[in-house]
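Student: First the structure, then my questions, so here it is.
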Amino acid sequence: MKEAKILVVDDNKRILSALDLLLSNSCKKLKCIATPNILVSELKLDNYDVVLLDMNFKAGINTGNEGIYWLNQILEYNSGISVVMITAYGDVELAVKAVRSGAVDFVLKPWENEKMLATIQMAWRLSHSKREVKKLRLKENELISEINRTKNQLIGSSSAWKTVMDLVEKVAITKANILITGENGTGKELVARELHRLSNRGQKVMVTVDMGSIAETLFESELFGHKKGAFTDAHSDRMGKIEAANEGTLFLDEIGNLSLPMQAKLLSVLQNRSLTKLGENTPIDVDLRLICATNCKLNEMVNEGKFRQDLLYRMNTIQIELPPLRDRKTDIPELARYFTKLYADKYNKKGVSISSSAINKLQNYAWPGNIRELQHAIEKAVILSKNHEIGSNDFIFKINEFTKVEAYGGTLEDMEKKLIVAAIEKQIGNLSAVASQLGITRQTLYNKIKRYGI
Ligand SMILES: Nc1ncnc2c1ncn2[C@@H]1O[C@H](COP(=O)(O)OP(=O)(O)OP(=O)(O)O)[C@@H](O)[C@H]1O
């Protein structure tokens, strides 16, 4: 309470001096005024936390209505101020009316000093927490608009890409849950961000959870949150990602990695629109828009008993299939120029451009790692380039059966497996280098190694 700024408004001089005596040494600022007419102008001069307000000002009129009138004036000016009413009459009805109108408490005259101090202390704490909450809300809004400010650059004008973007625009504003499918690096996360940005939740947060990078043992607490003491390492309460996405969008990337028990829990959240934290019994309501992404064939996983069909139905009201880069080769020139400029700016190599022969070479490569692989290849070329123009020799591709798609007759999965094996051999088992070469994250690489039994 040493930090509190308190304003006392009472037309009884004896009351003012008694409160002055009681409070002046226990708070940061104390101001006593004898008329409420200057109340609001006084509030404008400082950030008061607590106002002690008499309920009756006019001699002879003690209906308390004048006190309630001034209470409303204070709250209209700043609803974060805690108002404690002082009344000489033990009129509970009147006090209740004041509390219903927004006062935090009331004190009857004559008061006990201990009780008065305890009431003011509580009122100060309340106003302090209201301010903190307001500050955090403003900060949250600021952070969200900062995240949303950078409109994602979704490059592409091929007909395959336009079909995707038309669908994105159509479904973004609906409440439908969406499943985005496509190979690694085709832009699933970027499309999810665009769906969120264009939705009516765009001003709220989109929380992303990469199911491929969370250890199985941490899934539950990561998604659902936990109460302190729920398990050995739960040293404090934790909000789960699902709750954090409340009123916004929850993006579950690599959803194919969700274990069956977790699938059951997620399904229950979607059906009941509520979740229960680990170590708690009471469910919390949540209002979510769910977007999931995967490069797995979920239908096959359903047939194999690895994925729940009822969850799949809930998730894929709308499915958006992203084309691999080799099916939208006409977008490569635009993407290549975009990434060249991006990295030329980033690495302070202004003016570096990419030649048409280089672009031609890029268009003849199969890009198993899709846009991410193209992006990394150009980043590397920009960093290493000695000239103002990146030429075709700045890109070295091993044209073999794995990369030259036209020459390969196997399934996509066979091709992916062989590519991974070839990359592991080339990088002599250095998995970070393998992930970087293939344009995927290390976690995705681990998942694939496990899946293909390499
Ligand atoms: N249309 C596009 N225009 C510009 N950049 C793109 C486009 N699509 C994807 N990218 C870039 O390619 C990279 C990979 O995209 P993203 O992470 O969205 O792919 P993903 O399909 O989610 O990959 P993964 O399956 O590995 O998680 C990102 O750096 C992204 O910015």
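Student: For LEU143, which of the numbered conditions (1) part of a loop (DSSP other than H, G, I, E, B); (2) more than 21 Å from ARG328 (Cβ to Cβ) fails to hold?
Tutor: (1)
Student: Assuming LEU154 fulfils every condition listed in (1) surrounded by 12 or more Cβ atoms within 10 Å (Cβ to Cβ); (2) outside any loop (DSSP other than H, G, I, E, B); (3) free of Cβ contacts under 8 Å to residues at least 60 places away in the same chain apart from one, which condition is it?
Tutor: Here LEU154 clears every test but (2).
Student: Of the numbered conditions (1) assigned to a loop (DSSP other than H, G, I, E, B); (2) within 36 Å of the chain's Cα centre (by Cα), GLN437 satisfies every one except a single condition; which is it?
Tutor: With (1) assigned to a loop (DSSP other than H, G, I, E, B); (2) within 36 Å of the chain's Cα centre (by Cα) applied to GLN437, the lone miss is (1).
Student: Sticking with this one: Exactly one of (1) under 30 Å from THR282 (Cβ atoms); (2) at pLDDT below 90; (3) hydroxyl-bearing (Ser, Thr, Tyr) is unmet by SER145. Its number?
Tutor: In the conditions (1) under 30 Å from THR282 (Cβ atoms); (2) at pLDDT below 90; (3) hydroxyl-bearing (Ser, Thr, Tyr), SER145 misses (1) alone.
Student: Let me ask something else. Kindly check whether there is at least one residue in segment 158-168 that is within 12 Å of the ligand (Cβ to nearest atom), in contact (Cβ under 8 Å) with a residue 40 or more places away in the chain, in contact with a Cys (Cβ under 9 Å, 6 or more places away or on another chain) and of a type outside the set (D, E, K, R). Can you show your working first?
Tutor: As a first pass, look at segment 158-168 and keep what is within 12 Å of the ligand (Cβ to nearest atom): 158, 160-162, 164-165, 168.
Now narrow it down to the ones that are in contact (Cβ under 8 Å) with a residue 40 or more places away in the chain: 158, 160-161, 164, 168.
Filter once more, keeping what is in contact with a Cys (Cβ under 9 Å, 6 or more places away or on another chain): none.
Checked segment 158-168: no residue is within 12 Å of the ligand (Cβ to nearest atom), in contact (Cβ under 8 Å) with a residue 40 or more places away in the chain, in contact with a Cys (Cβ under 9 Å, 6 or more places away or on another chain) and of a type outside the set (D, E, K, R).
Student: Which of the residues that make up segment 363-378 are crowded, with 23+ Cβ neighbours inside 10 Å, closer than 12 Å to ARG328 by Cα and more than 9 Å from the ligand (Cβ to nearest atom)?
Tutor: Correct list: TRP367 only.
Student: Considering only residues of segment 360-413 that are at pLDDT below 90 and of a type in the set (A, V, I, L, M), which is nearest to TYR338 (Cα to Cα)?
Tutor: If we take residues in segment 360-413 being at pLDDT below 90 and of a type in the set (A, V, I, L, M), then ILE396 is nearest to TYR338 (Cα to Cα).
Student: Go through (1) aliphatic (A, V, I, L, M); (2) part of a loop (DSSP other than H, G, I, E, B); (3) out of contact with any strand residue (DSSP E or B) (no Cβ under 7 Å at 6 or more places or on another chain) for LEU117 and report which single condition fails.
Tutor: (2)
Student: Still on this structure, please answer the following. Which members of segment 351-385 meet the condition of being among the aliphatic types (A, V, I, L, M) and either outside the structural domain of LYS448 (by TED's automatic domain parsing) or in a helix (DSSP H, G or I) (or both)? Outline the logic, then answer.
Tutor: First, the residues of segment 351-385 that are among the aliphatic types (A, V, I, L, M): 352, 354, 358-359, 362, 366, 371, 374, 377-378, 381-384.
Selection gives ALA358, ILE359, LEU362, ILE371, LEU374, ALA377, ILE378, ALA381, VAL382, ILE383, LEU384.
Student: Also, I was wondering about something else. If you take the residues of segment 5-30 that are crowded, with 16+ Cβ neighbours inside 10 Å and among the charged types (D, E, K, R), which of them is nearest to ARG125 (Cα to Cα)?
Tutor: Checked segment 5-30; the qualifying residue nearest to ARG125 (Cα to Cα) is LYS5.
Student: If you don't mind, another one. Output the number of residues of segment 186-232 satisfying the condition of being under 23 Å from GLN443 (Cα atoms) and part of a loop (DSSP other than H, G, I, E, B).
Tutor: Total meeting the criteria: 7.
Student: Based on what the data block shows, is CYS296 surrounded by 14 or more Cβ atoms within 10 Å (Cβ to Cβ), modelled with pLDDT under 95, outside any helix (DSSP H, G or I) and within 13 Å of the ligand (Cβ to nearest atom)?
Tutor: Working: surrounded by 14 or more Cβ atoms within 10 Å (Cβ to Cβ): yes; modelled with pLDDT under 95: yes; outside any helix (DSSP H, G or I): yes; within 13 Å of the ligand (Cβ to nearest atom): yes.
Taking the combined requirement at face value, the residue satisfies it.
The values are calculated or read from the model by the stated rules, or taken from the named source; none is laboratory data. It should be emphasised that the depicted structure is a prediction, and the values quoted were computed from it without experimental measurement. We place every Cβ from the backbone using ideal geometry, glycine too, and count neighbours over all the protein chains shown.
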